[in-house]
Amino acid sequence: MEKIPTTVDDRLLDYLDGKLEGATLQQLKKELENSSSLQARLETLRAVHRVLAHAKLESPSPAFVNRVMQNLHAVSFPSALSPRNGLLLLVGVMVAAGILVVMISAGIFDQVQGVVSLDQVSPVKKYFQQSLPAISINGKLVINIIVGLNLVLAFLVLDKTVLKPFFQRRAGAHV
Amino acid sequence: MISLQEENKLIDRILAGKQEPYARLVENYQRFAFTIALKILNNRPEAEEATQDAFIKAFHYLKNFNRKARFSTWLYRIVFNTAVSYKRKKRPVLSSIEHHDRADEPEQSLEKDDKQAFVLKAMDKLNEADRLAIQLYYIKEFSMDEVAELMGQNMNTLKVRIHRARQRLADELRKILKEEALTL
């Protein structure tokens, strides 16, 4: 049996889907009359088409809706962070904050001070003609802000992964 | 079926804290959702569990549903993802049992129609994505847009996938029929 080219296969599928019309349809019909291998291929594709066309929507068991409604609050939905990952993140944040606090108390950042002159920054220089003020940077202050942000993040993680699920469970147990 | 307007009203009421209107949405979409899960999992009890989970998830995440898309499209995507994660979690032993326990295929008709049995056998040769695409494509209640959306594919890719899957099925069917003829 001769091999059917993919383009012809495509036309046969379009024919089965009822997408062919006019001259294209007539042309295919003519080709079908003259080629037994094309007829055989159409029959195979038709067999596939017929079986698949029986596909229908399936129904779950009759009590399905009731079961869903009864279980709406039975399952607790974890946040994007699982309690385990949340605790790990919390420990990491606390360790980082702790290290920074120790370093601050040791006075490591006391000497970190500098002045950034905006006039030296080339993109700024390009757009501003007059001279700009210099900004002084205190290393200790910057680290203190970072520690503060870390503590806020730690609290949010603690709330989302430990406190909230805990109180929700407790509330659920009393209902 | 409920209208888009009615659906929006139901969603508003659910978001306002009422739970009962959700039953109406579940009732409306249960067959669609269950069919998607069943086509992915090939096991009715498991598909029902996955569908239930998906509806519960949808209820809890409803506040995240932006109404640019239809609720059905959003829900089907949740069902698809839930069923796929169920499939991944499934133990291999269970999977091999289920392979032979195709509860969604009526046995009687398999006996009646050999060709149907052969086509179903050929379906096993397709990869999962092709099989799901072709099965959902032939369920007239699902639009091509919905199938593309729930499978996370663009329309053209899906069309090509379905086209090629049908060709592959025909090739497999021909092979099976040839083998059957030789064994007679």
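Summary value for region B:106-184: 36 percent relative contact order, contacts being C-alpha pairs under 8 angstrom separated by 6+ residues. Within the accessible area of region B:106-184, the carbon and sulfur atoms contribute 49%, probe 1.4 Å, all protein chains present.
A simple spin-label model places pseudo-atoms 7 Å from Cα toward Cβ; at B:Asp124 and A:Glu33 they are separated by 4.3 nm. For the protein assembly as shown, the square roots of the Cα gyration tensor eigenvalues, ordered a ≥ b ≥ c, give a/c of at least 1.5 with a/b greater than b/c, which places it in the prolate category.
Relative contact order, percent, of chain B when contacts are C-alpha pairs under 8 Å separated by at least 6 residues? It would help to have the intermediate numbers written out before the result.
Details: 137 pairs, mean separation 36.1, N = 184.
Relative contact order here is 20 percent.
Go through B:Leu182, A:Leu151, B:Leu41 and list them by solvent-accessible area, largest first, probe radius 1.4 Å.
Values: B:Leu182 145, A:Leu151 85, B:Leu41 0 Å².
So, going from the largest accessible area down, we get B:Leu182, A:Leu151, B:Leu41.
Among the listed pairs B:Lys89/B:Lys140; B:Lys9/B:Lys90; B:Lys9/B:Lys68, those whose Cα-Cα separation exceeds 27 Å are B:Lys89/B:Lys140; B:Lys9/B:Lys90.
Which pairs break 30 Å Cα to Cα here: A:Lys19/B:Lys121; A:Lys160/B:Lys39; B:Lys39/B:Lys159? The partial results should precede the final answer.
Numbers: A:Lys19/B:Lys121 28 Å; A:Lys160/B:Lys39 36 Å; B:Lys39/B:Lys159 19 Å.
Too far apart for the 30 Å limit: A:Lys160/B:Lys39.
Note on A:Thr24 and B:Glu141: their simple-model spin labels are 3.1 nm apart, each label 7 Å out from Cα toward Cβ.
On full extension, the segment bounded by B:Asp114 and B:Ala181 gains 22.9 nm, given 0.36 nm per residue less the C-alpha separation. Our coupling estimate for region A:144-154, obtained by passing each phi through the Karplus curve with A = 6.51, B = -1.76, C = 1.60 and θ = phi - 60°, is 4, 5, 4, 4, x, 4, 4, 5, 4, 4, 4 Hz, Gly and Pro reported as x. Each residue of region B:157-164 is assigned a 3J(HN,Hα), and the resulting list reads 4, 5, 4, 5, 4, 5, 4, 5 Hz, derived from the Karplus form 6.51 cos²θ - 1.76 cosθ + 1.60 (θ = phi - 60°), x at Gly and Pro.
Within 10 Å of each Cβ in B:44-57, how many Cβ atoms from other chains are there, averaged over the peptide? Let's see the in-between values first.
Values: counts 3, 2, 0, 2, 5, 2, 0, 3, 7, 3, 1, 7, 8, 2.
Going residue by residue through B:44-57 and averaging, the value is 3.
Read phi for every residue in region A:57-70 and hand back ³J(HN,Hα) as whole Hz from Karplus 6.51 cos²θ - 1.76 cosθ + 1.60, θ = phi - 60°, with x for Gly and Pro. Here the 3J(HN,Hα) series is 5, 9, 10, x, 5, x, 8, 4, 4, 4, 5, 4, 5, 5 Hz.
Projected label points at B:Asn81 and A:Val115, each 7 Å from Cα along the beta carbon direction, are separated by 5.4 nanometres.
The values are calculated or read from the model by the stated rules, or taken from the named source; none is laboratory data. Bear in mind that the values here come from a model prediction, so they are computed numbers and not experimental data. All Cβ positions, glycine included, derive from the backbone under ideal geometry; neighbour counts span all protein chains shown. These accessible areas exclude ligands, DNA and RNA; they are computed on the full protein's heavy atoms, side chains included. Shrake-Rupley method; radii C 1.70, N 1.55, O 1.52, S 1.80 Å.
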